[in-house]
Amino acid sequence: NMASRLMFENSNEIGVFAKLTNSYCLVASGSSENFFSVFEAELGGHIPVIHSSVSNTRIVGRVTVGNKKGLLVPMTSTDQEIQNLKNSLPDKVVVQRVEERLSALGNCIVCNDYVALIHPEIDKETEEIIADVLGVEVFRTTIANQALVGSYCQISNVGGLVHPMTSVAELDELSNLLQIPLVAGTVNRGSDVIGAGLVVNDWAGFCGMDTTATEINVIDGIFKLWGESNQAEEVMEKGTLIDTLSQTQTPRVYAYLSKYNSQFFRLTKHFKKK
């Protein structure tokens, strides 16, 4: 089951209107049934897919951050929204309001079930809530000199996709922090705003309709969305993933797969601008 392509109304930025974790999926309330049903079809048998607004907006993916253990929402979320979330989410998921000046939590924080990367200027109290409620190790960092780590990166417990201009040294460093393989790349035909164009958990991925076949191959490769078949091994053997990466439309592509994942390969390429 490769990553699915879809649109939210006229937008390819589906990560703005949805939040996906290993234990639940939030979808903007008032979204078209079509948008909701793509998630429902892929995830419905496994985790709840929940219609919700947050702070009376539809941009649920950008103002929340969560993993299988918890969900953090901004202070401006209404009591009704919180109650709806608590009623719909699995019992073990903790919903917590966060008083934070940088209130678009999804732009400033990216996490999986073990580690969170956060904007360098987030409050100390918020950092403690993240560690506590989401049960993760927290690191303050930037990605390719961008403070909005949630916008320019998407990770699962399996792998991660980061901003195309991330240097090899930085990929190395981030990969060591997160203990997962990382690759630098794009979504939606060359967009570097990975968080807005892609949502992913350990077994499913969704990206904007403009995402190219090449980009989908990179996404499926790094997040291991090939399904149970041996297709993944075949791809590795044929080196098609390497060819794929070399055709990506970014000026340079680095795939750095961490040493913790030795069955993968390491690849560093520099492309001259034409």
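The values are calculated or read from the model by the stated rules, or taken from the named source; none is laboratory data. The structure displayed is predicted, hence computed values, not measured ones. Neighbour counts are summed over all protein chains in view; Cβ atoms, including those assigned to glycine, are modelled from backbone coordinates with ideal geometry. Surface areas here come from the heavy atoms of the whole protein model, side chains and all, with no ligands, DNA or RNA. Shrake-Rupley method; radii C 1.70, N 1.55, O 1.52, S 1.80 Å.
Summary of values
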| read-out | value |
| --- | --- |
| Computed E for residue 41/residue 96 - FRET, C-beta separation, R0 35 angstrom, nearest 0.05 | 0.70 |
| Cα gyration tensor, segment 1-124 - rounded (a/c under 1.5), prolate or oblate | rounded |
| Positive minus negative residues near residue 189 (Lys, Arg vs Asp, Glu; Cβ under 9 Å) | -2 |
| 5 angstrom amide H check on residue 153, placed H, neighbours 5+ away | 194, 195 |
| Net charge over other residues, Cβ less than 15 angstrom from the Cβ of residue 112 (K, R count +1; D, E count -1) | +1 |
| Estimated vicinal HN-Hα couplings, Hz - segment 34-51 in sequence order (Karplus 6.51, -1.76, 1.60; Gly, Pro = x) | 4, 4, 4, 5, 5, 5, 4, 4, 7, 10, x, x, 10, 9, x, 10, 10, 6 |
| Positive minus negative residues near residue 132 (Lys, Arg vs Asp, Glu; Cβ under 11 Å) | -2 |
| Inter-centroid distance (Cα atoms) of segment 1-63 relative to segment 67-128, Å | 17 |
| Ranked by how many other beta carbons lie within 10 Å on average, peptides 135-141, 156-162 from highest | 156-162, 135-141 |
| Inter-label distance, nm, simple model (7 Å from Cα along the C-beta direction), residue 57/residue 86 | 2.4 |
| Per residue value of the accessible surface for segment 75-147 (all protein chains in place, 1.4 Å probe), Å² | 51 |
| Fully extended contour minus Cα-Cα distance, from residue 34 to residue 179, at 0.36 nm per residue | 48.6 nm |
| FRET E, pair residue 76, residue 124, Förster distance 25 Å, beta-carbon r, rounded to 0.05 | 0.75 |
| Ranked by how many other beta carbons lie within 10 Å on average, peptides 77-83, 204-210 from highest | 204-210, 77-83 |
